1. Taking the options B:96, B:67, name whichever one is away from chain A (no Cβ under 14 Å), surrounded by fewer than 24 Cβ atoms within 10 Å (Cβ to Cβ) and under 20 Å from residue B:119 (Cα atoms).
2. Being surrounded by fewer than 24 Cβ atoms within 10 Å (Cβ to Cβ) and closer than 19 Å to residue B:304 by Cβ is the filter here; which residues of the stretch B:167-186 pass it?
3. Filter the stretch A:86-102 down to the residues that are surrounded by fewer than 17 Cβ atoms within 10 Å (Cβ to Cβ), in a helix (DSSP H, G or I) and touching a residue at least 24 places away in the same chain (Cβ under 8 Å) and list them by number.
4. In the stretch A:26-46, how many residues are within 14 Å of another protein chain (Cβ to nearest Cβ) and not acidic (Asp, Glu)?
5. Tally the residues that are small (Gly, Ala, Ser), within 24 Å of residue B:89 (Cα to Cα) and out of contact with any Ser or Thr (no Cβ under 7 Å at 6 or more places or on another chain), restricting the search to the stretch B:166-190.
6. Here are the criteria: (1) assigned to a helix (DSSP H, G or I); (2) within 14 Å of chain B (Cβ to nearest Cβ). Tell me which single one residue A:173 does not satisfy.
7. Of all residues in the stretch B:320-331, which are more than 16 Å from residue B:171 (Cβ to Cβ) and in contact with a helix residue (DSSP H, G or I) (Cβ under 8 Å, 6 or more places away or on another chain)?
8. Taking strands (runs of 3 or more DSSP E) that do not extend beyond the stretch B:198-269, which have at least 2 residues that are within 10 Å of another protein chain (Cβ to nearest Cβ)?
Amino acid sequence: MSVLGLVFSNPELYGSTLAMATPLALGALGGTFSERTGVVNIAMEGIMLVGAFFGVMAAASSHSAWVGLLAGVVAGGLISLALAWPAVRLQSDQVILGMAINLFAAGLTAFLLNTVYGFGGTPISTPQLPQLTIPILNNIPFLGAVLGQQNVVVYLMILLVIIGHFFLFHTNLGLRMRAVGEHPEAADTVGINVVRIRYFGVLIGGMMSGLAGVYLSIGMLNSFEVNMTDGRGYIALAAMIFGKWTPFGSLGAALLFGFATAVSFSLQNYGVSANLIGILPYALTIVALTGVIGRSKAPAADGLPYEPSK
Amino acid sequence: MTYKLLVYIVILSMKTNDSEGVSGRFMKNRFSSLALSAVVTLSALALPAVSAAAAQKHAAPIGAKFKVGLVTDTGGLNDHSFNHLAYVGVLDAHKKFGVKYSVVQSHQSSDYVPNLTTFAQEGYNMVIAVGYLMDSAVQQVSKEYPKTKFLIIDDAITNRKNVMSAIFDTQQCGYLVGVMAGLMNLQKHIPQINGKNVVGVIGGQDIPPVESYMAGFEAGVKKVDPKATVLQAFANSFTDPGTGQQMALSQISQGADIIFPVAGGTGTGVINAAKQKNIFAIGVDANQNYLAPSTVMTSALKGVDVATEIAISDALHHHFKSGVVHFNLANKGVGIAPPIKAVPKSVLKKVDSFIPLLVKGKINPPALLSSH
């Protein structure tokens, strides 16, 4: 079999694609929830880091990965309120706020890691979230190897994407969120509480980005390393834009980026330099923004502060 | 309220990180500015705070006036490898000679020049730059401050009288762990060994100090097990354990049962994957067995701590040597960590038999990968 045949027939490639896509999809989904209500969220990188750190910390001290998961999600929600409050209440510049949170989170987590655990790093006894084995799916050849045995967060992610889609496009609250993101004045005049909806969007988005971080630290691994998100928050941002601010679009984009990364892992083992593949996510985002693959249009009021009429 | 809490945490952290308390100078200068800082600035300060200049009460007189500044690369002090080891070396020098020290961690490559310059400006006698990636920054700053002594780890700067370059012949220790991996791969009765005769090596970035390990490893494996397949990949990051883990899983799916990560923090993901799949990993730079006691079978050691301490001692005693200083098996600048019990005595004996050959120069492993 040719090298390409070997690479593409290996189920590990697709398993790896899912694993690499999960944090991107969760981050992109989080960004979608925030931006659909009109709050630009470039803070996914920082929120993920915070979720990752507090996930490990809680898991290590409680000896339960589930407590870690919960703590990471809550921490992600809390740090996202640091974006929501000035963005919604004080009408501050949301891009600058997002950057500030990214820098803050990088400093905070590195500092806490040193302070709490010292230079040896997080304890090696930290529990990890379990791999799930899906009974029937697992027995199907090939598909079973890809989908049948993944970390619990991977399945959570798929579930959240489906629920997220249903929620945004098929419920009243979802419609209100989109209305607030498109035209807050109009939403306000029909009695929708713009401020509350925006808080809600950012908070839910923050919790999902927090879960992305949890997956990195106690899903894939059982430790925290300084800056371990390694730019995934920004790629998630790209996935959100490439996915046209929709849950399924975000997942699709994340899978594409994840696949590009996973292919580069396997190809390298056969001596192919994979640097070109490494730039794929960024190149695709530029393509998406130039409108070649259909127009990618942000919610109309995305990034615009809204002052409720008194 | 929150803000006060944060200030408190920052101060607390200085105390916990600095065994001998915060120096008065630091408190006076920084506290007033801290009080004015916004939350964001606080977080930025939080890291340099780790470094708080040490005040020495029991300083031996010889080093009391000698100040050493350590600048890490972006891997930071938590990298479980060479940044951390440089810090250990500085601490050793502090204990032995009573030198004063300060540490600054770099968050991005644009921090290198300002971090080095700050130490030089503040009159530090010796400034230590950890890593090949700081080459141009050291070139620039050492020219501007000719009276300051610099030590750069893993990089050869030969045109400055005030720069010492510590080069580690890590192809030698890479070769030894490669020999061990090759021999292990031929063993029949070890559950972790699958008989497919495949080993893997994962580099952080494709730079000389990483490549020398990898090239040595490959040569070592091939020496004792010429038919072995050596899978090779780069993560393009030293701080991405998630990618490290997936790359390792990819190599494991292609039959690898021993993987050698040369990738700083990324490597912890490789070691994690090896533990999950119950195959062997080999630690790098420091003895990393503590990360997974039953599967990290040995570690290729790089005596960054030894080199750092020697350089400080030399500068302190006016024996500073500029130019390239090699650290290798002969002067115990590199080596291998004691292996775990799963490694048979016969393998160990064979590995040891290569040490004199390397020391005497009868075997000279390549420092560059054959694919380059």
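1. Details: B:96 fails: under 20 Å from residue B:119 (Cα atoms).
Among B:96, B:67, only B:67 is away from chain A (no Cβ under 14 Å), surrounded by fewer than 24 Cβ atoms within 10 Å (Cβ to Cβ) and under 20 Å from residue B:119 (Cα atoms).
2. B:167, B:169
3. A:89, A:95, A:99
4. First, pick out the residues of the stretch A:26-46 that are within 14 Å of another protein chain (Cβ to nearest Cβ): A:26-27, A:43, A:45-46.
Still in the running and not acidic (Asp, Glu): A:26-27, A:43, A:46.
Adding up the residues that qualify gives 4.
5. Applying the first criterion (small (Gly, Ala, Ser)) to the stretch B:166-190 yields B:166, B:174, B:178, B:181-182.
Among the residues that remain, those that are also within 24 Å of residue B:89 (Cα to Cα) are: B:166, B:174.
Adding the requirement that they be out of contact with any Ser or Thr (no Cβ under 7 Å at 6 or more places or on another chain) leaves B:166.
So the answer is 1.
6. Unmet for residue A:173, out of (1) assigned to a helix (DSSP H, G or I); (2) within 14 Å of chain B (Cβ to nearest Cβ): (2).
7. Of the residues in the stretch B:320-331, the ones more than 16 Å from residue B:171 (Cβ to Cβ) are B:320-323, B:325.
Matches in the stretch B:320-331: B:320, B:321, B:325.
8. Working: elements: B:198-203, B:229-234, B:256-262.
Those strands (runs of 3 or more DSSP E) span B:198-203, B:229-234.
Bear in mind these aren't lab numbers, they're just calculated from the coordinates by the rules spelled out. Predicted, not measured: the structure shown is a model, and the values here were computed from it. Glycine gets a Cβ as well: all are built from the backbone with ideal geometry, and neighbour counts include every protein chain shown.
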